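> I have a structure here, written as structure tokens, and I will follow up with some questions on it.
Only the coordinates and a few stated rules stand behind these numbers; no lab work does. Remember, it's a predicted structure, so these values are computed and weren't measured experimentally. Cβ atoms come from the backbone with ideal geometry, glycine included; neighbour counts cover every protein chain shown.
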Amino acid sequence: MNSTKRKELLGVLALLLTALIWGFAFSAQSLGMKHLGPCSFNALRSFIGALALVPCIVLLDLLGHQRPSLWGNAQSPAERRCLLLGGGACGFFLGVASMLQQVGIQSTTTAKAGFLTALYIIIVPLLGWLLLKRRVAWSIWLAVALALVGLALLCGLSIHTGFEVGDLWLLSCALMFSFQILTIDHFVQKVDCVRLSCLQFLTAGLVSLPVALFLGESFHANDIQAALGPLLFCGVLSSGVAYTLQVVGQKFVQPTIATLLMSLEAVFSAVGGWLFLKQTLTLRELIGCAAILAAVLLAQLLPARK
């Protein structure tokens, strides 16, 4: 195996591990809320995530043969303002999306949470079409139709029933994640992406903290200690480790393949719910999950081929 193939294989493995960590994080989020409220849990995991990325920034600076510094390549005042603005804007949408996700997970399974959240991959190009006048490939419209069928099956919709409350929280979460992705897309070419991520986690924590305090959610030491395992998994592994693996993986893997690998997060969320929470899906829900996964893959694969 030559050096290029070896690097590509390592990149694929890194992205698969990223998807695995992100998928299992849904179970960790569910377990953590046995002791903490959704907003307090999200605030703490976001702060841990920001701290976890600090050594990642140092490591990537050293690997890039640069001296570790606070601002990195953002040397001018304009570049630093752009970094702070990007981190703040992305962090706001991330904080709101994560809180909506945490609330939704309380009343549904991790599998459903994972697949409904994955709809952001289809919502993003639609928002780009509506807001930014970007052309949408025909396969996106086909993916939307397939996703709607899967959504109806997964959420048990019929002419006599509607969405459950948890489903609506998670659909709102997918919409907010879509805004976050579009915001990242605007800033990522202008600033250092790892520093941007660190700032967005810090901002997400600052967004969640006052909401948690307003709602009277617990920050007691005993509750935090009881939820420490899920907090560290979501903060360190899901944020610091997985994000670094994503950066490394995308360096050696084509963008389309990378996105397809990371979309497996939804599948791993279902596996994690079955392994750790003893959650199961009905045949109808499994077919719905398969339809949504097919829509996600279709939305990513065919436009890139064209």
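> Quick one: dipole size for the chain, taken about the Cα centre, charges +1 on Lys/Arg Cβ and -1 on Asp/Glu Cβ, in debye to the nearest 20.
Here the size comes out at about 800 debye.
> Stretch residue 254-residue 106 to full length: gain in nm at 0.36 nm per residue minus the Cα-Cα span?
49.7 nm
> Per DSSP H run of at least 4 residues, take -39500 (n - 2.57); add these up for the chain, divide by its residues and hand me the 222 nm value, nearest 500 deg cm²/dmol.
-25500 deg cm²/dmol
> Would you check the chain for Lys pairs whose C-alpha atoms are within less than 24 Å, ignoring same-chain pairs closer than 8 in sequence, and give me the count?
Count of close lysine pairs: 9.
> I want to check the label-to-label distance for residue 67 and residue 165. Put each point 7 Å from Cα in the C-beta direction and report it in nm to one decimal.
That separation, rounded to one decimal, is 5.6 nm.
> Between residue 278 and residue 132, take the C-beta separation as r, use R0 = 41 Å, and let me know the FRET efficiency to the nearest 0.05.
The value I calculate is 0.40.
> Using Stokes-Einstein with the Kirkwood hydrodynamic radius over Cα pairs, what translational diffusion coefficient do you get for the range 20-96 at 37 °C and a viscosity of 0.692 mPa s, in µm²/s rounded to a whole number?
The estimated diffusion coefficient comes to 221 µm²/s.
> Can I ask one more? Quote the FRET efficiency, to the nearest 0.05, computed for residue 81 versus residue 294 with a Förster distance R0 of 51 Å and r equal to the Cβ-Cβ distance.
That gives a FRET efficiency of 0.75.
> Additional query: Considering only the other residues whose Cβ falls under 15 Å of the Cβ of residue 167, what net charge follows from Lys and Arg at +1 and Asp and Glu at -1?
Every neighbour counted, the sum reads 0.
> Right, another one. Whole-Å semi-axes of the range 42-152's equivalent ellipsoid, largest first, each the root of 5 times a Cα gyration tensor eigenvalue? Mind showing how you got there, number by number?
Numbers: eigenvalues 227, 91, 37 Å².
Three semi-axes, in Å: 34, 21, 14.
> Using Cβ contacts closer than 10 Å as the measure, can you line up 139, 30 from fewest to most?
By the 10 Å Cβ count, ascending: 139, 30.
> Amide H to amide H under 5 Å from residue 119: which residues, 5+ apart in sequence or cross-chain, H placed 1.01 Å off N in plane?
none
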